[in-house]
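Let me begin by presenting the structure, written as structure tokens, before commenting on it.
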Amino acid sequence: MTVLVTGSAGHLGEAVMRYLRAAGRSSLGLDVKPSPFTDQVGSICDKRLVTRCIRSAQAVVHAATLHKPHVATHSWQDFIDANVTGTLVLLEAALDAGIDCFVYVSTTSTFGLTLTPVGSEPAAWMTENLIPKPKNVYGVSKLMAESLCELVHKQRSLPVVVLRTSRFFPEADDNRTIREQYETPNAQANELLYRRVDIEDVVTAVLLAIEKARGIGFARYIISATTPFTAGDLTMLRRNAPQVVHRLFPECEPLYAARGWKLFPQIDRVYVNELARTGLSWKPKYDFAHVLECLRTNRDFRSALAREVGSKRYHDTNFPDGPYPVD
């Protein structure tokens, strides 16, 4: 089975291409940017190019996108073109070519305002049943593309799996306060408690989605590290997150102290991956317990694949306030 991977020069696209090539599986990388993992350079909005690429494929992994950091540098029309029109072009070409399955890489950013508890409300328990309320054009465009995927499945029976991934970028945080108060590895270790996933685990979810899409038909899955928290922890996570973490992981405090690390004082949402683990038979490996084991043995808690892909940068320009134009 040949897999067409869009966004092959990006974080996840490259990771999927690396995995497929290493496994000796047939693949074709498509991206607007040249890279060692891009076989065809061009836009997903180019119908002729997409038709030509998809003709030789049996599955599509659609990872090409404009991201949240582009909100400050790109127009709303740019987001509609790349994230909505590009997805439609791919879906239509997939239907014409009789593709076996379509995996759409979406984002937990579609939840938007649903993520934000009000006042003293408990942390949000984020499952696929919650209604998204996007708060910027990035979230809106990704949700629109998800809806196109669902509509195409309903009307034309194309097997489609939507993966709403949480954070897996290796770059420093897009929030200036976090960048100033926490080392990047410290912040990202904390996030594996509730809002981050290692890119290797995302790739395994993508491959399982390809394998199981025909039997699933259509589904949305949250792809995030398995949280150690339960719904019973949500109130205390808003009040005193370290207390909850130290109760669950007594070894955390000395391991963090040895490195001068600290936990986030509050946690406002928890992504729940139970449906993905059940529906895809997905077994993510990289969680907070893994982080602590790596700290104990002085190892990098990121997967080898995450380290190989490395940082991509979202802009060609260097900004005075870190990697992003605005917070």
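Search the range 263-289 for residues being in a helix (DSSP H, G or I) and without any contact (Cβ under 8 Å) to a residue 60 or more places away in the chain, and hand back the single one that is farthest from residue 201 (Cα to Cα). Here the residue is 278. Annotation note: of 247, 239, 259, the sole residue that is without any contact (Cβ under 8 Å) to a residue 24 or more places away in the chain and surrounded by fewer than 16 Cβ atoms within 10 Å (Cβ to Cβ) is 247. Each residue in the range 134-150 was checked for being farther than 15 Å from residue 68 by Cβ and loosely packed, with under 15 Cβ neighbours inside 10 Å, and 1 of them qualify.
With respect to residue 205, is the statement that it is crowded, with 22+ Cβ neighbours inside 10 Å and among the aliphatic types (A, V, I, L, M) true? It is true that residue 205 is crowded, with 22+ Cβ neighbours inside 10 Å and among the aliphatic types (A, V, I, L, M).
For the range 54-74, the set of residues classified as in a loop (DSSP other than H, G, I, E, B) and either of a type in the set (Phe, Trp, Tyr) or under 23 Å from residue 98 (Cα atoms) (or both) consists of 55, 56, 57, 58, 63, 64, listed by residue number. Please work out if residue 85 is surrounded by fewer than 22 Cβ atoms within 10 Å (Cβ to Cβ) and touching a His at 6+ places or on another chain (Cβ under 7 Å). No, not satisfied. The set of residues in the range 55-82 being over 26 Å from residue 312 (Cα atoms), in contact with a helix residue (DSSP H, G or I) (Cβ under 8 Å, 6 or more places away or on another chain) and either surrounded by fewer than 17 Cβ atoms within 10 Å (Cβ to Cβ) or among the β-branched types (Val, Ile, Thr) (or both) consists of 55 alone.
Figure legend. Inter-residue proximity from the range 5-18: first residues surrounded by fewer than 24 Cβ atoms within 10 Å (Cβ to Cβ), second residues polar (S, T, N, Q) and modelled with pLDDT under 95, beta-carbon distance below 9 Å, spacing 6+ or different chains. Indicated pairs: 11/311. Considering the range 147-158 alone, what residues qualify as being part of a helix (DSSP H, G or I) and either under 17 Å from residue 259 (Cα atoms) or among the polar types (S, T, N, Q) (or both)? Answer for the range 147-158, where residues must be part of a helix (DSSP H, G or I) and either under 17 Å from residue 259 (Cα atoms) or among the polar types (S, T, N, Q) (or both): 147, 155.
Residues checked against (1) closer than 13 Å to residue 5 by Cα; (2) hydrophobic (A, V, I, L, M, F, W, C):
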| residue | (1), (2) |
| --- | --- |
| 41 | yes, yes |
| 54 | yes, yes |
| 58 | yes, no |
| 66 | no, yes |
| 71 | no, yes |
| 82 | no, yes |
| 91 | no, yes |
| 100 | no, no |
| 108 | no, no |
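In this structure, does residue 51 turn out to be assigned to a helix (DSSP H, G or I) and buried (at least 19 other Cβ atoms within 10 Å of the Cβ)? Against the criterion (assigned to a helix (DSSP H, G or I) and buried (at least 19 other Cβ atoms within 10 Å of the Cβ)), residue 51 does not qualify.
The helices (runs of 4 or more DSSP H) falling completely within the range 159-238 that include 3 or more residues that are modelled with pLDDT of 95 or more map to 184-191, 199-216. Every test in (1) closer than 27 Å to residue 207 by Cα; (2) exposed (fewer than 12 other Cβ atoms within 10 Å of the Cβ); (3) not polar (S, T, N, Q) is passed by residue 254 save one, and that test is (1).
The values are calculated or read from the model by the stated rules, or taken from the named source; none is laboratory data. Computed from a predicted model, the values in this text were never measured in an experiment. When we count neighbours, we look across all protein chains shown, and the Cβ atoms used for this are built from the backbone with ideal geometry, even at glycine.
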